[in-house]
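To keep things clear, I will list the structure first and then write my remarks on it.
The values are calculated or read from the model by the stated rules, or taken from the named source; none is laboratory data. Quantities reported herein were computed from a predicted structural model and do not represent experimental measurements. Every residue, glycine among them, receives a Cβ derived from its backbone with ideal geometry; neighbour counts consider all protein chains shown. The area values use the complete protein model at the heavy-atom level, side chains included, leaving out ligands, DNA and RNA. Shrake-Rupley method; radii C 1.70, N 1.55, O 1.52, S 1.80 Å.
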Amino acid sequence: MAENSFNSKTKDSSSKLIFENPILCAQFLRGYLHIPFLKEVQPEDIEDVSERYVHMFTEERNSDVVKKVHIKSNGTPFFLISLIEHKAKVDYNVVMQVFRYMTFIWEDYEKEQERQHPGSSRKKEFKYPPILPVVFYDGTEDWTAAASLHERVLLSDIFKDYIPDYRCILMQLKDYSNAELMEKGDELSVIMMVNKLHRAADFVEIGEEVSAGYLQEVTAGTPEHLLDIMAQVIEALLLKINVPLEEAADFAGQVKERRMGELFSNFEAYDVQATRRKAREEGIQAGIEQGIEQGIERTNKLTRILLEKNRIDDLKRAAADLVYQEQMFREFHL
């Protein structure tokens, strides 16, 4: 099902809030990528360098981030780059998109090193930093797109030695149950649970599975600034599934006020489809009222003109036409 532009941008904004925050990003790298090398990554090790590469992202992918992660290995500090590409629906060309990003990042790194140390890239010891290409997918359908570049190139099985290849790290949110997310024991797990809500049944399930004690324990030591981020993300995620603004704001307020024990219990009777129908009906009614108001305004203007010119017959015809147009407008929209 295609998403409207509002929901797509809302989803982008929630992902941007998650990955821009160093605490949440560190939790993501440690707990969701299954790479032992990253198990000790801390927020202070992460440097956001997305602004350096913002021109390579299109407007539709404005939630993507590039992180420079500083890690010590054998006492020698170095960094790797985590390129996190957010997808809300399956994109069959993502491996090529990410490959372009990777080559651009390496080229930029080489130019920067050449500016600082002319001729360094041509020396034997020169090495490019590793890049972790991560695709964070939070759609409802299974990811069926290629994760390897070879899968997008013709005859790659024959010419594999001559064609570059890499594999994206696919983090598919739908693969995680609520029980598995609770094992993480961090703030990001709460956000991920909310991000999984798509159907009325999801609301019932999360209310039954996630205990108030878990929510209170996870956020007991959460700093205020991170609670604010969590509240913003949760509000954005609820808006993406058409939860009314007032209710989404109320849920976000519970997070900021540390009333997390009440959060999921309020979801139990929530009917997403009913809310969507109501939103559509309200939108249609608003459109009808707006159309009628515009018609009345135009008619009043025409009436003034015709009265000034004493054109009574034209005025009668305009009034009859208005009655007919209003009738047809209502029948068409209802």
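Data for the structure
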item	result
Selection of trypsin sites (Lys or Arg not before Pro), the stretch 108-213, meeting DSSP coil and at most 12 other Cβ within 10 Å	K123, K124, K127
Rounded accessible area per residue of the stretch 104-202, 1.4 Å, Å²	56 Å²
Rounded if a/c under 1.5, otherwise prolate or oblate - the stretch 160-231, Cα gyration tensor axes	prolate
Space enclosed by the convex hull of the alpha-carbon atoms of the stretch 80-169, per residue, Å³	105 Å³
Tensor-based shape of the stretch 136-188 (alpha-carbon gyration tensor, a/c under 1.5 rounded, otherwise prolate or oblate)	prolate
Accessible-area composition of the stretch 151-206, carbon plus sulfur, in percent [1.4 Å probe]	52 percent
Which listed pairs, of K16/K196; K67/K89; K72/K256, have C-alpha distances above 26 Å, in listed order	K72/K256
Sparse-neighbourhood loop sites, GluC sites (Glu not before Pro) in the stretch 106-193 - DSSP loop, at most 14 other Cβ within 10 angstrom	E125, E141, E183
